[in-house]
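Notes follow the structure.
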Amino acid sequence: MKSTSKSLAGASIFSAFAASLCCITPVLAIISGATGIAASFAWLDTFRPFLIGLTCLVLAWAWYRALRPKTKEELECACDENPSFFQSKKFLGIVTLLSGLLLAFPNYAQVIAPSPVDKEIILVSADEVQFLTWSIKGMTCDGCEIVVENEVNKLPGILSVDAVYAESAVYVKFDESKTNPESIVAAISKTGYVVLGKK
C-alpha cells in the first residue's frame, strides 16, 4: 500500500511537471542565461492536454483510494492504524497542491521570469526607425515571449520588441543605423525558436 501511494504521488508530479516543461524551460533559460535551450521542450505543448488529463486521473484515483470506505477485511486487519506520512491524506494534499502549481505554471511564468531590461532610448531620426514583424514557430506561452524579448533587447538600437505567442509573431521597432533585420533574426534564432519569415 505504501509503495502504491508513493507511485501515484510520483506519477502525478511527473505528469504535471511534463505538462508544464515547455513553459518551465524558457523561464529557467532566462534565469540561467542559457537562452539557447528555451525552445528545447516546445514539442511537449502538443501533449499538454493529455498530460493534464493524466495528472487529474492519477490524482482522482489516489484521492479515491484515500477516501473510500474500508472493507471489512481492512477493518479486521488493522494493518494501517498508524499509516506513514507517505500514506496520509496530508501528503496527498501536498502532492495535489504541487501538481496544481506545476499545471498552472504557464499562467504565472511572467511573475517568476525576470522582465526585459528597460533601455534608455536616445533620440532617433524618424527616417532611421523601422518596424518589422516576423513569424515565429515554437512559442507556446508567456515564458517563450519573455525569452525572445530579452534576447532581442540585448541588441543596440532596439526601440521596442513585443513577442506574442498566440499570434506566433514578434513585432520589433528599431533604429536601422544601429542594428539590422539579420541581427534581429539571429537573436531570435539564438533562443531556439524558428523564424519563418517576415509577416
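Tabulated data for the structure shown
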read-out	value
Solvent exposure ordering (accessible area, 1.4 Å, most first) of 134, 63, 43	43, 63, 134
Relative contact order, percent, the chain [alpha-carbon distance under 8 Å, six or more residues apart]	26
Principal-axis tilt of helix 89-103 within the chain, Cα atoms, nearest 10 degrees	20
Structure-derived P(r) over Cα pairs in 10 Å bins from 0, in percent: which label, when the choices are (1) 9, 29, 23, 15, 11, 8, 4, 1, 0; (2) 9, 40, 39, 11, 1; (3) 9, 34, 35, 18, 4, 0	(1)
Listed residue (135, 152, 125) projecting farthest to the positive dipole end of segment 120-174, Cβ model	135
Check: the chain dipole with +1 on Lys, Arg Cβ and -1 on Asp, Glu Cβ, in debye	840
Helix axis angle, 2-32 relative to the chain longest principal axis, alpha carbon, degrees	10
Within the accessible area of the chain (1.4 Å probe), percent carbon and sulfur	62
Rounded FRET efficiency, nearest 0.05, which uses the C-beta distance separating residue 97 from residue 167 and R0 of 25 Å	0.15
Ranked order, 50, 174 - accessible area, probe 1.4 Å, largest first	50, 174
Straight-distance crosslink candidates among lysines, where the alpha carbon sits under 24 Å from residue 6 and sequence neighbours closer than 8 are dropped	70, 89, 90
Principal-axis tilt of helix 181-190 within the chain, Cα atoms, nearest 10 degrees	20
Residue-span extension gain [residue 66 to residue 86] - 0.36 nm each, minus C-alpha spacing	6.1 nm
Residue 194/residue 56 FRET efficiency (R0 30 Å; Cβ-Cβ; nearest 0.05)	0.40
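The values are calculated or read from the model by the stated rules, or taken from the named source; none is laboratory data. Computed from a prediction, not measured in an experiment: that's the story for all the values here. We place every Cβ from the backbone using ideal geometry, glycine too, and count neighbours over all the protein chains shown. Quick note on the areas: whole protein, heavy atoms, side chains included, nothing else; ligands and nucleic acids left out. Shrake-Rupley method; radii C 1.70, N 1.55, O 1.52, S 1.80 Å.
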